[in-house]
Amino acid sequence: NVSNTTIDEASLPEHSFHAVTMLYVLEHLTDPFETLKKVFSLLIPGGVVIIRVPHTTPLVRFLSAVKINNNLYDAPFHLFDFSPSTIIQLLEKSGFSSISVMPGEPTMPNSYMERLVSVSSGYTAKLLYRLSNGKYLLPGISKTTIAFKPGDAKEE
């Protein structure tokens, strides 16, 4: 079934999903914490949420330093920005555990130059992440976060 509604307005039973994906959603919401609490309630024990968010603060700082105007923080763009530590804190506060953050796959903008920058920086981020054994996350690159609702799915 498909419905055109928000997660807050949808009448969905608790513990009814094994997985929820939120790709480039969280940064646009007025209350990401409330949304994550709702997602938590919708997942079965052992369920997973997969989140992809940009990490634009380093990019905004760089563009500002070189005097390039940008609108990344203007509505309807990003209402929030999440560093790896802030997304982990938000998920933990929402009840999730076993949280891992990693570089996401590069996006593919229409412009050749933007695509070139995205792909080269994205694969550089992945390489540095692997070479550091998962300890280094290149700032300014979108991150994919995976978190689990504690419990055993067999209990449901």
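The values are calculated or read from the model by the stated rules, or taken from the named source; none is laboratory data. This structure is a prediction, so every number in the text was calculated from the model and none was measured. Using ideal geometry, Cβ is built from the backbone for each residue, glycine included, and neighbour counts are taken over all protein chains shown.
Yes/no matrix, rows are residues, columns are (1) in a strand (DSSP E or B); (2) at pLDDT below 95; (3) over 15 Å from residue 91 (Cβ atoms):
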site	(1), (2), (3)
18	yes, no, yes
30	no, yes, yes
36	no, no, no
41	no, no, no
48	yes, no, no
message: Six or more apart or on different chains, Cβ atoms under 6 Å: show the pairs whose first residue is in the stretch 61-82 and more than 23 Å from residue 145 (Cα to Cα) and surrounded by 14 or more Cβ atoms within 10 Å (Cβ to Cβ) and whose second is modelled with pLDDT under 75 and not aliphatic (A, V, I, L, M).
response: 63/70
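Is at least one residue of the stretch 118-131 β-branched (Val, Ile, Thr), modelled with pLDDT of 85 or more and in contact with an Asp or Glu (Cβ under 8 Å, 6 or more places away or on another chain)? Break it down into steps so the answer makes sense when it comes.
So in the stretch 118-131, the residues β-branched (Val, Ile, Thr) come out as 119, 124.
Among the residues that remain, those that are also modelled with pLDDT of 85 or more are: 119, 124.
Restricting the remaining residues to those that are in contact with an Asp or Glu (Cβ under 8 Å, 6 or more places away or on another chain) gives none.
No, the stretch 118-131 has no match at all.
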task: Test residue 86 against the stated conditions and say whether it is in a helix (DSSP H, G or I), among the polar types (S, T, N, Q), at pLDDT 90 or above and more than 18 Å from the chain's Cα centre (by Cα).
output: no
Residue 144 assigned to a strand (DSSP E or B) and out of contact with any helix residue (DSSP H, G or I) (no Cβ under 8 Å at 6 or more places or on another chain): yes
message: Among the listed residues 11, 64, identify the single one that is in a loop (DSSP other than H, G, I, E, B), modelled with pLDDT under 95 and over 16 Å from the mean Cα position of the chain (by Cα).
response: 11
message: If I filter the stretch 112-121 for residues that are more than 23 Å from residue 26 (Cα to Cα), over 20 Å from the mean Cα position of the chain (by Cα) and not in a helix (DSSP H, G or I), do I get at least one hit?
response: no
query: Taking residue 100 and the conditions (1) among the small types (Gly, Ala, Ser); (2) over 16 Å from the mean Cα position of the chain (by Cα); (3) at pLDDT 85 or above, which numbered condition does it fall short on, given that it satisfies the others?
result: (2)
- prompt: So, in the stretch 14-32, of the ones that are under 18 Å from residue 53 (Cβ atoms) and loosely packed, with under 14 Cβ neighbours inside 10 Å, which residue ends up nearest to the chain's Cα centre (by Cα)?
  reply: 23
message: Any residue in the stretch 2-13 that is touching a residue at least 24 places away in the same chain (Cβ under 8 Å) sitting within a Cβ distance under 9 Å of a residue that is of a type in the set (D, E, K, R) and outside any loop (DSSP other than H, G, I, E, B)? List the pairs, counting only those 6 or more apart or interchain.
response: 7/38; 8/34; 8/38; 12/38
